[in-house]
C-alpha cells in the first residue's frame, strides 16, 4: 500500500468537497470520529465508491446529516468498516430496496437507526458483532422480506425478548439467528426461546445500554508492559479484541487459536512484531494483516495452514522476518511476496510444497536466508528455474531436495543440472498451474484418471463423487444410475472443467443450482435419461455452454423459459423426445444457435405450432427438417412445408406447455415455494400443498403426529412443527425428505424417539427438540445426521444415567449441542450440563425407573384396566384389547348392555341398576299363541329363558304332558298359567325337549 492510498482523507473525501478543509488537512486517516473530541462533522454524503477501497477503522457516530442508502446497496460497504455503530442519523432513505451491511464489525444499533427506511426489502446485518437490537428496530419497514442477523453476538436478556416474538411471527425471515450469551442459551435459535427465558439480572434490569465506543484494554489473561502484549500459553481460542492502540508487539504463541479473522490487526498501526506460532491456525482472512506497514516480524510456524490467501502479505513493506515453517502449505501463488522487498529471512521448511511457480522469489531483493527443505518437491521441467535461482543465489541453507521423480529422489535441488528437469506425461499438469494454487487431488475411488480426464463411467454411481481433482477438464459420468443431480457445489471446485458427460443415467430431476460454478463448461451431454421437463433455471451457471445434448429423454414441451440464459449455446439436440408442441419464442434466447436437432418427436401440427413453420423457413439454423405426426392428414409432412391454413385448432386441444395452476391450501399462505400454515388450528396436514414446497411452517397447531403426507414434499428444506401436540415419532418418519436442512420440533410433547426416527436426513444441519418430554434417547438416534451442525435439546427432563452416556460422549466429540441441555435426574446429576459432565458420572444405580421406561414402552406401566391386554408398537404408542363388556383407550368404560338393543318383538330394555353390563325386560308385547303337538316336556330337556328368570325356570322338575299348550302367549307373556309343573311366569320355553317339530 503506497502513500497515496494512505492519504484517504485527501484523495477520497476532500477532493469531492465532502469534508471541510480543516478536517482534510489532518493527513493520514487511521481513526475517523465524527462526534467525539469536539470535531464538527459537516459531511453531507458518503459515496459508496469512496468507501470500498478505504478499509480503515471507522467509528461513525452522529450527527451525520445523512448517509444515503446507495452506500448500503452495493458490495462496497461489506467489510468496509472495522468498527461501526449505527445511529439513526447515519442512513437516509432514498427509496432504495436493499441494504447490505454484513461482514463488518458493527457492534451496536441505535434506537430508530432504520426508521426512515420504509421501502427497504432486504437488510443484511449478518457477520457483525451486534449484541443488542433495540425494541421496534424493524417495525418501520413494512416491505421487509429478507433479513439476515446470523453470526452476531446477540445477548439474549430481557431487552431482546421482543425479537423472539417478532421472529416467531415471521418464520423464515431471519434464519439461524442465534443467542450467543448468556452461556446457558448459547446456540439457541432466538425464535425458539420463550419470552420467560429472556431474563435480566442485576444492573441489566434497568434501561437497555446505549451505544458507546468500546474501550481499549489489556486482556485479562495477558500482561501488558511498554506496549508489548504477552498472551503466551493462555489457552486462547481467538485473537483478543480492543487492544491498546499503541502496541508494538503481540505474543500469542502456544495457544489454541484456529483462525485469524478479517482485519484482526488492522487497527494497530504501530505493530512491529506478531508471534502466532504453535497454535492450530488453519484459516486466515486475506486482509488479516492489512495496513501493517511497520510490521518487521511475522511468526506463523507450527500451525495447520494449508493455503496462503491471495494478498495476505500485501502492504507489509517493512517485513524482514517471515516464518511459515512446520505448516501444511501445499502451494504459493505467484505474487504472494510482491511487496516484501525488505524481507531478509523466509522459512518454508517442512510443508507440503510439490512445486514453486517461476519467479516467486524475484521480489525478495533483500533476502539473505531461505529454508525450503522437508518439502516433497516434484523436480520436473517447471522447477528448473528454482535450481538456476539457487545456483546463482546460494541462500538456501536447509538443503532442499527432490522427492519425485524417482530418478532425482533425494538429490539437492541446487546441485542438479538443468537438463535433468524434464516433464513426462502426467507430471506436467501437476505443476503447470502451481502459480494459481492448482491442486491435484487423489483420483476418486474406482474411477480412472489419465491426464485431465476423470472417467467414472459405468460404476453404478447414484451421485457425483464429492472430491474430484481440480485439474479435471473432462468428467465422464455416463452409464451410471444417477437419478437426481443435486446442488452440491461440486463444480465450484473444478475451474478447468470443460466437458460433462451424464448420458445414459436415470436422471429425472436437476436441482436448481446444480451447475453453479460451471461457467467454463463448454459441452454437457444428457442423452438417454428420464427428464420430462427442463427450464433455464436448471442450467444456471453454464454461462459458457456451447453444446447441449438432450437426446432420448421424455421431454414433452418446450416453452419460452426452457432455454433462458443459454445465449452461448451453438448446438442443441432434442432428438427422440416426446415433444408435441413448442411455444412461440422458445428459441429466442439462443442467440448463438447454429444447429438444432428436432427430429423424431410426435409433433401435433395445430394452430399452436404454426409459428414454427415460419421460423424454420426463415432461420438459417440447421434443424434436420422435423415432421408432423398429427393430425393424420399431415403425418410425415415436414413442418416447414405445411401451409398456414392447415395449422388449425378445433377447440379441444390440450396445450401441454401451459404451466400447472399454482395451488395453495385455503388455510395457508404461499409465497413462491414457501408455505405458511401457522396458528390455524390444524389437526392434519392441509390438502393441496405444492410438491415443490421448500419451506413449510406448521407451528402453533394441534397436530399429534408428524403427517405421513410430508413424504411427498421431496424438495422440502425447512420444516417447522413447533408448538404442536406431537408425542411420538415413528421410525423412518422423514426417510423421503432427504433435502431437509432444518427441522424444528420444539415445544411439543415428544416423549420417545425411536432409533430410526431420523433416518434419511443426511442433509439436516439444524435439529431442535427443545422443550419436549424426552428423558432418554436410544444410541444411534442421530447416526444418519451426517451434516448436523446444531442440535437443541434444552428444556427436556433428561435422565442422565448409563443409558444416556453415549449422548454425552457424542455431543462432546462434535460440539453440536451448545451446552444448553441439562440433566434432571438421577438426583446426583440434577442440573448438570450434558456437554461438560464427565462420562464417568453417567451411571445406572438401583432398579430401573418404570415411569421413565414406559415413555417408550408404555405397556410396562400396565395402562389397560379390567383385565385388558396391552399391545405396544415401535413408536412408543399402545392400544388395549378389552374384554367383553368394556371399552375405551384403557378399557375403563363399562359397555351399556342395552346399547345393542337385545330386546326383539318391540321389547323395552333397561339397564339393571348398578350393573351396566346386565339388563332386564320391563314390558313385552303379546304374540300369537304357540301351538305344540305331541311335544314331551321333562326336567332333562335344555331350557331357554331370560337371564333374570333363571331361578323360576328351574323350579319345576316334574314331567308334564300336553297335546296342546294352554292359552298362553309365548315366548314373552303378560299372563301366567298353572300346570303340574307349578306356576311359571314369563318363561321363553320351559324345560322343552321335543319329540316332533315346533310349529306355529
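Taking the criterion of being crowded, with 17+ Cβ neighbours inside 10 Å and farther than 17 Å from residue 833 by Cβ, the residues of the stretch 779-795 that qualify are 781, 782, 784, 785, 788.
Candidates are the residues of the stretch 378-399 that are part of a loop (DSSP other than H, G, I, E, B) and touching a strand residue (DSSP E or B) at 6+ places or on another chain (Cβ under 7 Å); the one that is farthest from residue 344 (Cα to Cα) is 379. Every condition in (1) closer than 16 Å to residue 678 by Cβ; (2) touching a strand residue (DSSP E or B) at 6+ places or on another chain (Cβ under 8 Å); (3) buried (at least 21 other Cβ atoms within 10 Å of the Cβ) holds for residue 748 except the one numbered (2). Take the conditions in a loop (DSSP other than H, G, I, E, B) and either buried (at least 22 other Cβ atoms within 10 Å of the Cβ) or at pLDDT below 90 (or both) and apply them to residue 316. Does it pass? So residue 316 passes the test. If I filter the stretch 892-902 for residues that are in a helix (DSSP H, G or I), under 27 Å from residue 726 (Cα atoms) and outside the structural domain of residue 783 (by TED's automatic domain parsing), do I get at least one hit? Within the stretch 892-902, none of the residues are in a helix (DSSP H, G or I), under 27 Å from residue 726 (Cα atoms) and outside the structural domain of residue 783 (by TED's automatic domain parsing).
For the stretch 781-835, the tally of residues that are on the phi > 0 side of the Ramachandran plot and either in a strand (DSSP E or B) or without any contact (Cβ under 8 Å) to a residue 60 or more places away in the chain (or both) stands at 3. Which members of the stretch 100-127 meet the condition of being crowded, with 21+ Cβ neighbours inside 10 Å, without any contact (Cβ under 8 Å) to a residue 60 or more places away in the chain and under 21 Å from residue 198 (Cβ atoms)? Once the filter is applied, which keeps residues that are crowded, with 21+ Cβ neighbours inside 10 Å, without any contact (Cβ under 8 Å) to a residue 60 or more places away in the chain and under 21 Å from residue 198 (Cβ atoms), the stretch 100-127 yields only 125. Checked against (1) over 23 Å from residue 567 (Cα atoms); (2) out of contact with any strand residue (DSSP E or B) (no Cβ under 9 Å at 6 or more places or on another chain), residue 543 passes all but a single condition, namely (1).
Listed by first and then second residue, the pairs with beta-carbon distance under 7 Å, at least 6 apart or on different chains, first residue in the stretch 517-532 and on the phi > 0 side of the Ramachandran plot, second surrounded by fewer than 16 Cβ atoms within 10 Å (Cβ to Cβ) and at pLDDT below 95, are 517/489; 517/492. Within the stretch 254-271, the set of residues being farther than 16 Å from residue 308 by Cβ, in contact (Cβ under 8 Å) with a residue 60 or more places away in the chain and either surrounded by fewer than 21 Cβ atoms within 10 Å (Cβ to Cβ) or in contact with a strand residue (DSSP E or B) (Cβ under 6 Å, 6 or more places away or on another chain) (or both) comprises 266, 267, 269.
Check whether at least one residue in the stretch 366-377 is more than 22 Å from residue 296 (Cβ to Cβ), touching a strand residue (DSSP E or B) at 6+ places or on another chain (Cβ under 7 Å) and in a strand (DSSP E or B), and report yes or no. Within the stretch 366-377, one or more residues are more than 22 Å from residue 296 (Cβ to Cβ), touching a strand residue (DSSP E or B) at 6+ places or on another chain (Cβ under 7 Å) and in a strand (DSSP E or B). Of the residues 553, 529, 560, only one is over 30 Å from the mean Cα position of the chain (by Cα), buried (at least 20 other Cβ atoms within 10 Å of the Cβ) and assigned to a loop (DSSP other than H, G, I, E, B); which? After applying the criteria, what remains is 553. Filtering the stretch 273-293 to residues that are farther than 14 Å from residue 327 by Cα and at pLDDT below 95 leaves 285, 286, 287, 288, 289, 290, 291, 292, 293.
The values are calculated or read from the model by the stated rules, or taken from the named source; none is laboratory data. Because the structure is predicted, anything quoted here is derived from the model rather than measured. No Cβ is skipped: glycine too gets one built from the backbone with ideal geometry, and neighbour counts run over all protein chains shown.
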